[in-house]
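Here the structure comes first, spelled out in structure tokens, and everything after it is commentary.
The values are calculated or read from the model by the stated rules, or taken from the named source; none is laboratory data. This structure is a prediction, so every number in the text was calculated from the model and none was measured. Cβ placement follows ideal geometry from the backbone for every residue including glycine, while neighbour counts extend to all protein chains displayed. We work out accessible area using only protein heavy atoms, side chains counted, and drop any ligands, DNA or RNA first. Shrake-Rupley method; radii C 1.70, N 1.55, O 1.52, S 1.80 Å.
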8 protein chains.
Amino acid sequence: MTLNVYLSGEIHTDWREQIIEGARDLDIRFSAPVTDHDASDDCGVAILGAEPDKFWHDNKGARLNAIRTRTGIEQADVVVVRFDEKYKQWNAAFDAGYAAALGKALVVLHGPEHQHALKEVDAAALAVAQHPAQVVAILRYVLTGALPA
Amino acid sequence: MTLNVYLSGEIHTDWREQIIEGARDLDIRFSAPVTDHDASDDCGVAILGAEPDKFWHDNKGARLNAIRTRTGIEQADVVVVRFDEKYKQWNAAFDAGYAAALGKALVVLHGPEHQHALKEVDAAALAVAQHPAQVVAILRYVLTGALPA
Amino acid sequence: MTLNVYLSGEIHTDWREQIIEGARDLDIRFSAPVTDHDASDDCGVAILGAEPDKFWHDNKGARLNAIRTRTGIEQADVVVVRFDEKYKQWNAAFDAGYAAALGKALVVLHGPEHQHALKEVDAAALAVAQHPAQVVAILRYVLTGALPA
Amino acid sequence: MTLNVYLSGEIHTDWREQIIEGARDLDIRFSAPVTDHDASDDCGVAILGAEPDKFWHDNKGARLNAIRTRTGIEQADVVVVRFDEKYKQWNAAFDAGYAAALGKALVVLHGPEHQHALKEVDAAALAVAQHPAQVVAILRYVLTGALPA
Amino acid sequence: MTLNVYLSGEIHTDWREQIIEGARDLDIRFSAPVTDHDASDDCGVAILGAEPDKFWHDNKGARLNAIRTRTGIEQADVVVVRFDEKYKQWNAAFDAGYAAALGKALVVLHGPEHQHALKEVDAAALAVAQHPAQVVAILRYVLTGALPA
Amino acid sequence: MTLNVYLSGEIHTDWREQIIEGARDLDIRFSAPVTDHDASDDCGVAILGAEPDKFWHDNKGARLNAIRTRTGIEQADVVVVRFDEKYKQWNAAFDAGYAAALGKALVVLHGPEHQHALKEVDAAALAVAQHPAQVVAILRYVLTGALPA
Amino acid sequence: MTLNVYLSGEIHTDWREQIIEGARDLDIRFSAPVTDHDASDDCGVAILGAEPDKFWHDNKGARLNAIRTRTGIEQADVVVVRFDEKYKQWNAAFDAGYAAALGKALVVLHGPEHQHALKEVDAAALAVAQHPAQVVAILRYVLTGALPA
Amino acid sequence: MTLNVYLSGEIHTDWREQIIEGARDLDIRFSAPVTDHDASDDCGVAILGAEPDKFWHDNKGARLNAIRTRTGIEQADVVVVRFDEKYKQWNAAFDAGYAAALGKALVVLHGPEHQHALKEVDAAALAVAQHPAQVVAILRYVLTGALPA
């Protein structure tokens, strides 16, 4: 079994790199959104022309980013969604709902501070983890049956 | 044409009542989550037994609430998702993504303060409104072709 | 058998009225886009606020109109798409493709002047008619088995 | 991530070659309709026998071409649809609707002269570009996160 | 539970009337193809214009009839397909395959003379009957749990 | 909101009657398999002819019963599956898996003796109850938001 | 573009070999049912045990063969169905309907003797050919755009 | 044709190894659940933290295992489900129903002792076998057309 795994969520920390590194020996194809924050925000206007109205500036970029996100989620077997402490992250919760509706296996990654606010998202997940290392352990177990020592 | 409309989002204000009242002459079947906050939080343990661990207390309730939410979204032609200024509302963003993946017509309702944080959710919407009265106008236009004076 | 029939296409002539009138004794629920041309063009800005850029003015309205169009097509058993001599009507061809992909029974209505340009759209149709009266005859035959005298 | 990209639309200019050339270093599988105009028009009768009636001559060819078009769109992650200034291009708009209904990421490519007539098609697109170079930039950004200098 | 039942197959005997009559007290909506043989063959040319080539004459009618057949099968919970001794009935076998692919409950009705030739169609069926009275008994049992005395 | 609820599982006790009675004031359409045990076992041979081989006797009846079961599950919004202490009930677990794959809201009803053996089935459920009265409370809550006193 | 092509229909002549040979330079993966007639008829009892009743003997084999047929059709982009002059070939018509319902590109291959009896099957096809060489030409054109000299 | 085969069912005997060994020369990708019984039971708590309540201990593990099971079934062309004499095996029956709803080709493997209790599961299967060697023979026949000597 090969796994396609999409890593959705905040693009401010290196949580993806931790997972990809920890899983480097596993038969997994990882995908993720563009993680360069400025590129992600401005891609629409950078390619298709400036928009004086911030709403349309953001809309242009968000729809362009959706090409990558939707493809990533649709190709995925497993979708991991990370929520950190600070940001609104409504796009992450949106991705989680999108993945759940498509029947993808959802893994949610967040600290205890958001337990109550994320109860609905967690309820849709097949696993709720607190640390990237646990996500690696999940992927390793799913592919090989091996558990952490 | 009859419309089935699901009203997702915060359950702390009367925004749903405003829409339902304004649309009372239209051929619409409205549905929504349970809006009694305590009932919504405690329904799982109230019916199926107490859980000492808050995570499972919340999980039990969230999965029970999902029976109503998923049915409402799946039966809907239009899903309206409201974000107000205060709350985390990840369940609302989750519902928006769920609805988008199922190809439902998504209408998002929020004030200008969240414009940037909601750019991805807005980008998936067929309409972005600021006030319940605009949602009523949208539903009236969709059903009758009439626009506000 | 009841039929849900969506009437897509140009909103400049009374072709829909001719069909609905001719089929008034049949068990059919007709739906159609908003046929008031100015309302259709301006609905987005009329409800959700002006847009100085024509592109966004039109985009706002088109996405709002899509709520009605997609619902109509998705609920339909039969989608009739009319092309007249003059207009570009790319939205009509778009609706035809949308309906075809969803496996709807497609009926196309146009005069001989566009036969070659509409060959791909016609090829996807289960019937190609030239006059509204033929569409009525088709619907009557499908529902009752009766043919024109 | 690999992308399957279907290039639909007018077959009178070299717009496809520009995109394929500009994207030659990217992990993309391009497909397109048959671009030899006479072959496309006459394939049906050339293989399956002549038809004296132009309607059936065209129908035979259009249905045969549909084998390639539908396969291309169904296998695609991204569907690019080009409209140039001159032609009716209803088959292009049809392809756009077909792709949209299947949830494909739609990119539309056209000049400003058709902005109003293409408003519904543009509204369904995740990006609206004016030049093939922009389409290349979109594909490059989606696959690598890199933006034009 | 209400059942929608589509009765496909030969239109030369009164087998449908036998079933509908026998099931008249049950909560069933029956549908069927047009059973007037000449109308069924000529509907295309009668409504849409004559075709000198028999192939196109038949094709026009068959595509028009498909509007009714596909709607009937898609709306059905149960599809009954009858094969009698004489006719080629490839359209009936086609309908059986169409229904099977859509996951409809298939009931096949034929005499013992075709047992071997219909083995694949029978293998896809949830019941294989020899007489219309058995089909009535099946529908009665499915709806009420009652078995023949 | 109306709910369609399919009640799957053992047909040896009156657990369905308890639920239907308790929910009689709610807007619910209940369906269930045939609960007359002998009729269920022998329906195939009773209608379609005796089978000396027990395997085919049972197969005939099981496929006939599947017409009702599949229709009930496919029409349902909620599928309740009951497991009692004694029986093998593989058909109940099969129904639960069938419903889960179709995205139905699954409610499982069983006593504590099977907790470990039913862990996979319970894990797919949105609620796990021990008594029919809890199922009634769940349905009442889902439809009205009211919780038990 | 690679094509997966399933070759359904009579297993008494070498029509498949003609097509596969003629298309040997094309990027096509062909699949087909088991063409050894006795193996096809007896596979069920040969592997799973004898059945004294011819109906169950045939049923066992037909269901076993369905594993291969359904997989072949579901994996296919194009399904070719051949009808020759003699046989009942209801399984071929069944496959054609199955493929049509799944939206596969259907190509039908038969001589003129069955034109009228196959009108419904032909009407669902994207191409109707008389000779295997035409099917090869169709596949060559679809993949390369080249037409016969 | 390549086959993806998921081997579901009891993890107490070596029945999977027998099949995989016997099929080693065939073009098949086998997948299966984790077969280390303790790892399967405890994977949830081992990775994500202990749960004092056995229900949640089991639930955590079952949902984690579902990542692998659902992926395996969804990727499969054929799902083989084994029932042995002893265990409750409701998860196996659940997998069978899940696979049936997704239209997978189902093969069931069990001894004669459960014939009656498994009648519904068997009725959904395309083949019912008693020994792993028969499953190998089925896979060999499906891929190559060869039958056992």
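Rounded to the nearest 20, the Cβ-based charge dipole of region G:1-117 about its Cα centre (Lys and Arg +1, Asp and Glu -1) stands at 380 debye. Can you classify region B:69-147 as rounded, prolate or oblate using the Cα gyration tensor, where a ≥ b ≥ c are the square roots of its eigenvalues, rounded means a/c under 1.5, and otherwise it's prolate if a/b beats b/c and oblate if not? It is oblate, given that a/c is not under 1.5 and a/b is not larger than b/c.
At a probe radius of 1.4 Å, figure out the H/F buried accessible area, summed over both chains, and give it in Å² to the nearest 100.
Details: alone 8740 and 8730 Å², together 14460 Å².
Using a 1.4 Å probe on protein heavy atoms, the buried area is about 3000 Å².
Amide H to amide H, with H built 1.01 Å from N, residue D:82 comes under 5 Å of D:8, D:9, D:10, D:109, counting only residues 5 or more places away or on other chains. Each peptide in D:105-117, G:97-109 gets a packing score, the mean of other Cβ atoms within 10 Å over its residues, and the list from highest to lowest is G:97-109, D:105-117. The rotation axis taking chain G to chain F passes closest to the C-beta of one chain G residue; that residue and the distance in whole Å read G:56, 3. Separation of region G:1-78 and region H:55-110, taken as the distance between their Cα centroids, equals 28 angstrom. Within a straight-line Cα-Cα reach of under 24 Å, residue A:86 can be paired with the following lysines, leaving aside sequence neighbours fewer than 8 residues apart in one chain: A:54, A:119, B:54, B:86, B:88, B:119. With K and R counted +1 and D and E -1, the other residues having a Cβ less than 11 Å from that of residue F:76 yield a net charge of 0. Within region B:9-41, whose backbone N sits under 14 Å from a point 7 Å along Cα→Cβ of residue B:146? Answer for region B:9-41: B:22-28.
Can you pull the mean other chain C-beta count within 10 Å for peptide B:23-36?
Details: counts 0, 0, 0, 0, 0, 0, 2, 1, 1, 2, 2, 7, 1, 3.
Counting Cβ atoms of other protein chains within 10 Å of each residue's Cβ and averaging gives 1.
Across peptide H:112-118, the mean count of Cβ atoms from other chains lying within 10 Å of each residue's own Cβ comes to 4.
Explain nothing, just the number: dipole magnitude of region D:11-77 about its Cα centre with +1 on each Lys and Arg Cβ and -1 on each Asp and Glu Cβ, in debye rounded to the nearest 20.
Values: 8 positive and 14 negative charges, 54 e Å.
About 260 debye.
Report, as an integer, the average count of C-beta atoms from other chains found within 10 Å of each Cβ along D:137-145.
Values: counts 5, 6, 1, 1, 11, 10, 4, 1, 9.
What the average comes to for D:137-145 is 5.
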